[in-house]
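Enquirer: The structure that follows is given in the form of structure tokens.
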Amino acid sequence: MARSMHMRRPATLASLAAELGVSRTTVSNAYNRPDQLSPELRRRVLETARRLGYPGPDPVARSLRTRKAGAVGLLLTENLSYAFRDPAALGFLEGLALACEGAGQGLHLVPVNPEREDVAAVHRAGVDGFVVYSVPDDDPHLAAVLSRPVPTVVCDQPRVEGVDRVGIDDRAAMHELAERLIALGHRRVGVVCMRLARDRNDSFAGLERQQSAHFHVQRARLAGLADAFGTVGVAWTDVPVAERFDHSSACGAAAAAQLLDTDPELTALICTSDILALGALTEARRRGLRVPQDLTITGFDGIPEAERAGLTTVRQPVLEKGKAAGKLLLGAVDHGRPRQIVLQTELVTGSTAAPPRSAEERWFGP
């Protein structure tokens with residue numbers, strides 16, 4: 001005999017209430033306000049719901065009724081995999097997730113392609129507020145976020161008037177690192193930096209491009225270097241800066257190669273991220289250069305891989321950044337003025353920085 005194809009209709013809140021002989025409010029409270037019921041009554045409601053196949057209150061209908069989505073949106077202007085591939089982004093994401101967990105909120109990732117201007121994902125996101133993670137000041141997705149009537153917190157960049165922000169003093173942190181290199185005797189340096197704007201540039205970045213960069217974190221780090229080296233008579237226009245659009249160790253290696261091919265006499269490569277610096281280390285080894293005897297290499301971020309490599313770098317508290325951004329957003333009230341949280345950094349003196357070799361040492365050395 002053929003099996004019947006008829007399926008039992010799923011139970012509803014009303015049919016479950018009727019089965020139990022209680023009000024629909026009682027059933028709803030078992031899911032949404034359990035403190036309103038005795039443990040025994042709530043257990044009976046949930047057991048009957050499982051037996052009848054009741055899936056629980058419709059979250060979409062609930063959000064329409066309460067006008068709350070129960071989730072924080074994270075705007076990340078990178079492909080989704082970047083959040084789980086980049087160690088600094090991953091640390092920030094963990095911190096934000098911890099803040100959301102503590103407040104009983106979900107986390108909705110809103111990744112967007114950095115080379116497209118489709119803002120539909122921002123408008124579709126069912127969230128109660130946004131954390132914007134490190135985007136350029138002319139990003140259309142940022143404009144879409146700010147057009148929505150929900151609280152917003154920016155992490156790192158950009159600085160937006162009237163919007164809460166969490167970050168570090170990038171200029172001061174990079175200035176401190178430069179002072180360390182200057183004290184070691186370095187004057188002939190090259191820089192590997194992350195993207196400065198939304199247009200792709202995988203080559204040298206001149207002074208005008210640096211100073212007009214829409215990614216103000218990179219602009220601030222370069223300015224910190226320029227300030228420091230200027231105090232010892234190094235003209236920043238003479239310092240080569242190699243920009244890379246994609247943030248990967250392979251790009252760091254390619255940029256290092258470009259700098260060393262252009263000027264083999266460089267004594268130090270200063271990278272604006274640890275990922276780029278790790279790539280520069282790989283390129284130095286490929287060329288048979290010893291670090292730091294032949295070439296000093298520094299980074300920025302303080303990721304675990306950099307620590308394992310002994311990289312001289314600036315450590316920033318990425319997990320605390322995420323926590324602070326989440327708490328700032330979830331505790332948002334009409335406070336009348338934007339709040340700014342500036343976290344502290346730490347200069348890490350690793351094994352990849354040393355005084356430059358003299359011309360004689362380079363000539364007669366191994």
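Enquirer: For the condition farther than 24 Å from Gly102 by Cβ, surrounded by fewer than 19 Cβ atoms within 10 Å (Cβ to Cβ) and more than 19 Å from the chain's Cα centre (by Cα), what is the one hit in Pro264, Pro292?
Expert: From the options Pro264, Pro292, the qualifying one is Pro264.
Every residue, every condition in (1) at pLDDT below 95; (2) closer than 22 Å to Thr77 by Cα; (3) assigned to a helix (DSSP H, G or I), yes or no:
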residue	(1), (2), (3)
Met174	no, no, yes
Leu181	no, no, yes
His186	no, no, no
Arg195	no, yes, no
Asn201	no, yes, no
Ala223	no, no, yes
Phe229	no, no, yes
Gly252	no, yes, yes
Gln258	no, no, yes
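Enquirer: Are there any pairs, at least 6 apart or on different chains, whose C-beta atoms fall under 8 Å, with the first in segment 279-296 and more than 11 Å from Ala256 (Cα to Cα) and the second among the basic types (Lys, Arg), and if so, which?
Expert: Val291/Arg285; Gln293/Arg357; Asp294/Arg357; Asp294/Arg362
Enquirer: I want to confirm something. Restricting to segment 269-289 and keeping residues that are in a loop (DSSP other than H, G, I, E, B) and not basic (Lys, Arg), which single residue is surrounded by the fewest Cβ atoms within 10 Å (Cβ to Cβ)? Lay out the reasoning, then the answer.
Expert: Residues of segment 269-289 that are in a loop (DSSP other than H, G, I, E, B), as a first pass: 272-273, 287-289.
Subsequent filtering for residues that are not basic (Lys, Arg) retains 272-273, 288-289.
Working: Thr272: 29, Ser273: 27, Gly288: 8, Leu289: 17.
Going through the qualifying residues, I end up with Gly288.
Enquirer: Further question on the same structure: Among the listed residues Ala89, Ala120, Ala103, identify the single one that is among the hydrophobic types (A, V, I, L, M, F, W, C), farther than 21 Å from Gly167 by Cα and at pLDDT 85 or above.
Expert: Only one candidate qualifies: Ala103.
Enquirer: Given the structure, is Ala183 of a type in the set (Gly, Ala, Ser) and surrounded by 15 or more Cβ atoms within 10 Å (Cβ to Cβ)?
Expert: No, not satisfied.
Enquirer: Is there any pair with a first residue in segment 77-93 that is under 16 Å from Val154 (Cα atoms) and open to solvent by 80 Å² or more (accessible area, probe 1.4 Å) and a second that is modelled with pLDDT of 80 or more and not in a helix (DSSP H, G or I) whose Cβ atoms are under 8 Å apart and which are 6 or more apart or on different chains, and what are they?
Expert: none
Enquirer: Determine, yes or no, whether Gly162 is open to solvent by 50 Å² or more (accessible area, probe 1.4 Å), more than 15 Å from the chain's Cα centre (by Cα) and not charged (D, E, K, R).
Expert: Spelling it out, Gly162 is indeed open to solvent by 50 Å² or more (accessible area, probe 1.4 Å), more than 15 Å from the chain's Cα centre (by Cα) and not charged (D, E, K, R).
Okay, residues lined up against (1) among the acidic types (Asp, Glu); (2) open to solvent by 30 Å² or more (accessible area, probe 1.4 Å):
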position: Leu96; (1), (2): no, no
position: Glu101; (1), (2): yes, yes
position: Leu107; (1), (2): no, yes
position: Val110; (1), (2): no, no
position: Asn113; (1), (2): no, yes
position: Asp118; (1), (2): yes, yes
position: Val135; (1), (2): no, no
position: Leu142; (1), (2): no, no
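The values are calculated or read from the model by the stated rules, or taken from the named source; none is laboratory data. Fair warning: this is a prediction, and the values are worked out from it, not measured in the lab. Reconstructed Cβ throughout: ideal geometry from the backbone, glycine too, with neighbour counts over all protein chains shown. Remember, those area values only see protein heavy atoms, side chains included, never the ligands or the DNA or RNA. Shrake-Rupley method; radii C 1.70, N 1.55, O 1.52, S 1.80 Å.
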